[in-house]
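To start, the structure itself, in structure tokens.
The values are calculated or read from the model by the stated rules, or taken from the named source; none is laboratory data. Because the structure is predicted, anything quoted here is derived from the model rather than measured. Don't worry about glycine lacking a Cβ; one is built from the backbone with ideal geometry, like all the others, and counts go over all protein chains shown. Quick note on the areas: whole protein, heavy atoms, side chains included, nothing else; ligands and nucleic acids left out. Shrake-Rupley method; radii C 1.70, N 1.55, O 1.52, S 1.80 Å.
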Amino acid sequence: IRVPLRLPRPVAARHQDDPGQTVRSLVLELGPDRLRPKAVLLRQPRAPEIAGAKTVLAEDFGYANTSSMVVVRCADGVSAERVAFAGSKPGKRETRAFLETHVSGAEVEVLERVQLSGRAFLARIAEHADRIDTLRSEIDRGYARLGRLKGELNRLTGADPRAPVPEAPEAVTGPEAARYRSMHGRFFRLLGGLGRLKARRRALYRRIDGLKRSWFGHVANVRAALAEKYGAVVAAEALSVLAVEKTDPGYKGENRSAQPIGLSSGESKGSNALGPAPRAGKTFNKLINNGAKGKYARRADDTLEWRGIATLKLPSFYSSSTDRRTGTVDKGQRSGSRFRARDGTEWDADLHAAELLARWLFLRPKPAAPAAASTM
């Protein structure tokens, strides 16, 4: 079959002057009477330089509030030294020392605040998680019954207790023959029922994954649109909670770096296939905590890269516990959903953290304290 690979003239004219694009793949579209080749383009828009930027959008990622975003502007612009410091990935000690010696005030203008509540999203996940918990309990009880039936069937046939039960019933003579046939049929009916329950559970996991992709994709698009509206660069937290695929050599089991919601830190996350049903809320915590931040970060970063929006990762240490007006770092200032400074001023805690991150690149050295007057 000869496949023409010629670009129509209008298409060639539209793309010939863009050296930053490449053909990612070739698609052959097969129709009832013709074949059409299509090229999938990979475009790499150039992001503007961060140094010198005067407008910054920053975001605080959370759960009850999935995204709290603040856009700020400063006439001085971002210095190359500050970009280099952020790029050096300062640790907790360096970040604390920096925040305690730098402040921000009226020289930075807040242009817009946006907060996207994730409560409806979390409620929907919780509904599916409850169904998964119910199915898991039924599956565990079913496997316990299956184990007892298997042991009895193998005892009646004289097989090893751990040997698989054959699909065709074996010949058992004597008074136990009818009982064996009845148990054999019950074993495979139960096995089939367990397969259907597991299929329903897998469907719920797929539905939850779809909800995550949809919601995180929406949040990523809102952030990108807000950055484009103001021509802002994006300052994002350097999130470390990333999901590791099971095929990855570094996979060591369930991600345990995130603190579960509504569970004590000492609660076991192990599971016993034939043990009791898990506690309510455990599946929900696992679904939300296991790599949710990493999945969102990858989705959001891909959106920014496609749109040509510059982004810079900032350390998130102490963003929720720092008063940017005085350089006071104190975890006691954050209480639940509120941030209360030592002078009694209050903010929404998530928006406060986002504003600190937005001002991070514009923080100026704290003025030196006046020297005490000497007396003779």
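Below is a table of values for the structure above.
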| item | result |
| --- | --- |
| Separation of alpha-carbon centers, the range 322-341 and the range 168-237, rounded to whole Å | 42 |
| By accessible area with a 1.4 Å probe, ligands and nucleic acids excluded, highest first: order of Asp60, Asp302 | Asp302, Asp60 |
| Two-site FRET efficiency, Lys313 against Ser335, from Cβ-Cβ distance with R₀ of 35 Å, rounded to 0.05 | 0.80 |
| The range 282-346: Lys pairs at Cα distance under 24 angstrom, eight or more positions apart or on different chains | 7 |
| Cα gyration tensor, the range 52-94 - rounded (a/c under 1.5), prolate or oblate | oblate |
| FRET efficiency, 1/(1 + (r/R0)^6) with R0 51 Å, evaluated for Thr328 and Thr22 via beta carbons | 0.55 |
| Ranked packing of 348-357, 334-343, 218-227, most packed first, by mean Cβ within 10 Å | 348-357, 218-227, 334-343 |
| FRET E, pair Arg186, Leu211, Förster distance 25 Å, beta-carbon r, rounded to 0.05 | 0.10 |
| Net charge of Cβ neighbours under 14 Å - reference Arg2; Lys, Arg +1; Asp, Glu -1 | +3 |
| Ordering of 7-13, 318-324 by packing [mean C-beta count within 10 Å, highest first] | 318-324, 7-13 |
| Proximal charge balance of Phe188 [Cβ under 12 Å; K/R count +1, D/E count -1] | +3 |
| Theoretical gain in end-to-end length, Tyr230 to Thr134 [0.36 nm per residue, Cα-Cα removed] | 29.8 nm |
| Segment Val114-Thr173, extension gain: residue separation times 0.36 nm, minus the distance between their alpha carbons | 13.6 nm |
| Cβ charges +1 (Lys, Arg) and -1 (Asp, Glu), total dipole of the range 178-230, debye | 540 |
